[in-house]
1. Being open to solvent by 70 Å² or more (accessible area, probe 1.4 Å) and either touching a Cys at 6+ places or on another chain (Cβ under 8 Å) or touching a residue at least 12 places away in the same chain (Cβ under 8 Å) (or both) is true for just one of I257, I202, I227, I253. Which residue is that?
2. Take segment 315-334 and flag every residue that is open to solvent by less than 30 Å² (accessible area, probe 1.4 Å), away from ligand 1 (no atom under 16 Å from the Cβ) and not polar (S, T, N, Q).
3. Give segment 47-84 a look and list any residue that's of a type in the set (A, V, I, L, M) and away from ligand 1 (no atom under 16 Å from the Cβ), or say none.
4. Among the residues of segment 7-25, write down those that are open to solvent by less than 10 Å² (accessible area, probe 1.4 Å) and either more than 22 Å from the chain's Cα centre (by Cα) or within 15 Å of ligand 1 (Cβ to nearest atom) (or both).
5. Please determine, by comparing only the residues of segment 100-140 that are in a loop (DSSP other than H, G, I, E, B) and open to solvent by 50 Å² or more (accessible area, probe 1.4 Å), which one is farthest from F276 (Cα to Cα).
6. Where residues in segment 288-314 are away from ligand 1 (no atom under 16 Å from the Cβ) and among the polar types (S, T, N, Q), which of them is nearest to F52 (Cα to Cα)?
7. Mind listing just one residue for me: the one in segment 333-351 that is in contact with a helix residue (DSSP H, G or I) (Cβ under 9 Å, 6 or more places away or on another chain) and of a type outside the set (V, I, T) and, of those, farthest from ligand 2 (Cβ to nearest atom)?
Amino acid sequence: MAFDLIRINDLRNLTNCEIAPHTGLNLIKGENGSGKTSLLEAIYILGRGRSFRDKQISNAVQRGKSSFTVFGKKGSKFNKSAIGVSCSKKGTNLSIDGEKISKLSLLAKETPIHIVTPKSQELIEDGSSVRRRFLDWGVFHVEPLYQQFSFRYQRALSQRNKSLRESWKTANIWNKELHESGSKIQEYREIYFERLKEQLLIQMEMLEVKYDLEVAFYQGWPKEQTIKKMLDDGMAGDKNRKFTRMGPHRADINFKIKSDKFNKWGSRGHLKLVVFALFFAQANVIKSMTNKETILLVDDLTAELDEKNVERVIAHMINQKNQTFFTTTDYRLCIERNVGKMFHVEHGVVS
Ligand SMILES: Nc1ncnc2c1ncn2[C@@H]1O[C@H](COP(=O)(O)OP(=O)(O)OP(=O)(O)O)[C@@H](O)[C@H]1O
Ligand SMILES: [Mg+2]
């Protein structure tokens, strides 16, 4: 479901702002420092209950003010919902349809939101944790039991690592729990990854990224072994290193071209296109498995893309039909009235 109203108060330089976005594209233009990223940050907060810019969400409270609020209304005539987030130094309050909720995961389930920023190439360039988070975010949306098994696995893993650090004698009592919860996590991830990979290749072709890219899932330990056997056999090594060296917590997605890492081959612009393809793929898999629409936020769309690729991405965003908010400082960039709306931001005022 798309937002049809967003109201923001006292978030960074946005003092009092209300917009009625389009269900398709929303192009946000403005000079440096006008408040474009802050607008995306507010929408992201509605979906995730946290900021993508700051670990501390309360840093988004406008200087000199004690709190910020963001309110969003979504849906059609028969299926409406309203989300509210307010935040001060004391804490964050979340509500859905006026009812207070305590868990971020409930908010996240309500509205799948993704953001692509000029930093998003880290999805391919950085260590495995960012790719694991990306994959698991998709699994979380499509598999209702994933969160429960993930919680069990993380708890057992931290207990096992604690035992390995202190007195390794009790470490192996956690192997069974890690095996049970980890096997389920692995099963969900494998099913999800196959769908994601299939979609990724389709999306790359549509965005005309012409690399012979091999995409593979690494489960985090040798394929032929069960988690239990891997943990039992690896006990001596784990004791030596004082942590659990292998398991689903080491899973990864590998991107390769001719057996070499993709980030050695891809140009910055092409990396960005692959990142777009990944986010579009994720949105499509979630849509096909749950019928939920992902809202896409894109900060500084034109950064590192040439004119043709900007046009390609916009045309593709129109095709995708997700509600999308994207920013630029390029005043020449325009979209047709029938596919979306354009907003202008100036000194924190959105018109
Ligand atoms: N907590 C805060 N309180 C008030 N103003 C803030 C706060 N944090 C940041 N700002 C200001 O908000 C303004 C808008 O920042 P924002 O990053 O949204 O701009 P932008 O339009 O995305 O700029 P750019 O094109 O450079 O990315 C900036 O002038 C910034 O200094
Ligand atoms: Mg910005």
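1. After ruling out the rest, the residue left standing is I202.
2. Result: H316, M317.
3. Answer for segment 47-84, where residues must be of a type in the set (A, V, I, L, M) and away from ligand 1 (no atom under 16 Å from the Cβ): A82, I83.
4. Listed by number, the residues that qualify are I8, L11, L14, C17, I19.
5. My answer is S102.
6. Looking at the filtered set, the residue picked out is T294.
7. Selected residue: E336.
Here's the yes/no breakdown for (1) free of Cβ contacts under 8 Å to residues at least 40 places away in the same chain; (2) over 22 Å from K109 (Cβ atoms):
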residue	(1), (2)
R7	no, yes
N16	yes, yes
T23	no, no
T37	no, yes
S51	yes, no
F71	no, no
S81	no, no
G84	yes, no
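The values are calculated or read from the model by the stated rules, or taken from the named source; none is laboratory data. As the structure is a computational prediction, the values presented were derived from the model and not from experiment. Ideal geometry is used to build each Cβ from the backbone, glycine not excepted, and the neighbour counts take in all protein chains shown. Quick note on the areas: whole protein, heavy atoms, side chains included, nothing else; ligands and nucleic acids left out. Shrake-Rupley method; radii C 1.70, N 1.55, O 1.52, S 1.80 Å.
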